[in-house]
Amino acid sequence: MVLPWLVETYSQLTTSRNNNTLHHAIILHGKEGVGKQLLVEQFAQDLLCQQDSSTACGQCKSCQLFLAQSHPDFHKVVPENQIGVDDIRAATNRLNSASHQMQAKVLMITSAHKMTVAAANSLLKTLEEPTAKTYLFLLTDKMDSLLPTIKSRCHKQNLGVAKRALVEQWLQSEGITADPILLDLYWYRPLYLKRLLSDPDANQLKDIEQDFDSVLAGQLTTLAFTDKYLECVDLCLEWLQLYFSEQMKGCDVQNQDAHWEAHIQLTQLSRQLALPGVNKSLLLNQALSALLEAVKQS
Ligand SMILES: [Zn+2]
């Protein structure tokens, strides 16, 4: 089953393939947790299927190898930290060898922005000289970090979630009830949201909420709070932003200025989080202080 918010992109890919206009190299750009990898895996199975139909039959030898995750013509580069030139060379060498099942060959590179410059340069040759029935999928949530020379040689496709309701319905169909706060925060990253909801250990929001109440009540210092959540500063800031936008709706006009100022400050701090080498604990501490100030004034 194609994820409901990706159906349109999937059918566009299928149409291009049926019309023989499918680009040999496609960048799929979208947030972490939108389903980029699942989409490629689904489409790759279609491309590799030995039956002459637009979607994979699920029965042929190729489909069975694919479903057993051992298809010799489906190659993946899944980096932990960065993708070096050796990783790309090994992948393109496999791609250049003859197809085992006499069908297509597919290479998927997840987090393609993690390619070093040397790795990206070594991929260029493959992008410039496509061979028949060979398809490359580069996945990223940081399009800006990809080299322009790579981007200019690929077809670019954005993936996103158009409607929150789609995600709500999908979660229901998966038997999951979404906490409204989590849904507000992460509806545009449905698979990430599902992980959060399915794994009680990963759901730290209840703790964050309780501890923030303790900070407000003066029972916990901002420093102690910061120390506790050092590993998930991003999540804390997102939660605080949401908390404050909720607060702003509720407070009277007189107090809105203070909340608004805190909200702006939070937004600026969240942006700084993305910068390399930033001191996250300092940022979170600043955010908490700004919020406390705004709460005191209200
Ligand atoms: Zn098949």
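Based on the alpha-carbon set only, what is the convex hull volume of region 204-297 divided per residue, in Å³?
Values: hull volume 7.8 nm³, N = 94.
Residue-normalised Cα hull volume stands at 83 Å³.
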- Rounded D (µm²/s) - region 1-81, Kirkwood Rh over Cα pairs, Stokes-Einstein at 20 °C, 1.002 mPa s: 157 µm²/s
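Rounded to the nearest 0.05, what FRET efficiency do Lys133 and Lys163 give with R0 = 45 Å and r taken as the Cβ-Cβ distance? Could you check? Before the final figure, lay out the partial values.
Details: r = 36 Å, r/R0 = 0.79.
In this case the efficiency is close to 0.80.
If one computes P(r) from the Cα atoms of region 105-157, what percent of pairs lie at distances over 13 Å? It would help to have the intermediate numbers written out before the result.
Details: 792 of 1378 pairs.
Distances greater than 13 Å cover 57 percent of the Cα pairs.
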- Task: Compute the long axis of helix 233-250 from its Cα atoms, compare it with the longest principal axis of the Cα atoms of the chain, and write down the angle in degrees, 0 to 90, nearest 10.
- Result: 60 degrees
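Nearest 0.05, what FRET efficiency do Ile181 and His155 give at R0 = 45 Å with Cβ-Cβ as r? Working shown, then result.
Values: r = 37 Å, r/R0 = 0.83.
Plugging the Cβ-Cβ distance into 1/(1 + (r/R0)^6) gives 0.75.
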- Per-pair calculated FRET efficiency, R0 = 51 Å: Asp227 and Ser99 via Cβ, rounded to 0.05: 0.40
- Item | Interchain or long-range residues, amide H under 5 Å from Phe137's placed H | Ile26, Leu107, Met108, Ile109
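Over all distinct alpha-carbon pairs, what is the Kirkwood Rh of the chain in angstrom?
Values: mean 1/r = 0.0457 Å⁻¹.
Taking the inverse mean of 1/r over all distinct Cα pairs, the chain comes out at 21.9 Å.
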- Query: In degrees from 0 to 90, rounded to the nearest 10, what is the angle of the helix 85-96 Cα long axis to the longest principal axis of the chain?
  - Reply: 40 degrees
- Item | Inter-part distance where region 152-172 and region 45-104 are each reduced to a Cα centre, Å | 24 Å
- Message: How high is the relative contact order of the chain? Use alpha-carbon pairs under 8 Å, at least six apart in sequence, and give a whole percent.
- Response: 18 percent
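If you build the convex hull over the alpha carbons only and average its shadow over all orientations, what do you get for region 1-141? Give it in nm² to one decimal. Let's see the in-between values first.
On the way: hull surface 32.6 nm².
Across all orientations, region 1-141 yields a mean hull projection of 8.1 nm².
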- Task: For each pair in Lys36/Lys228; Lys31/Lys156; Lys36/Lys163; Lys114/Lys151; Lys76/Lys142, compute the distance between the two Cα atoms and list the pairs where it is over 21 Å.
- Result: Lys36/Lys228
- Sequence order, region 13-24: Karplus ³J(HN,Hα) from phi using 6.51 cos²θ - 1.76 cosθ + 1.60, θ = phi - 60°, Hz rounded, Gly and Pro as x, gives 4, 5, 4, 4, 5, 5, 8, 6, 10, 5, 5, 6
- Message: Based on C-alpha coordinates, I'd like the Rg and Dmax of region 101-209, in Å.
- Response: 18.9, 56
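Where a number appears in this text, it was derived from the coordinates with a stated rule and is not lab data. Please read these numbers as outputs of a predicted model, since none were measured by experiment. Heads up, the Cβs are rebuilt from the backbone with ideal geometry, glycines too, and the neighbour counts pull from every protein chain shown.
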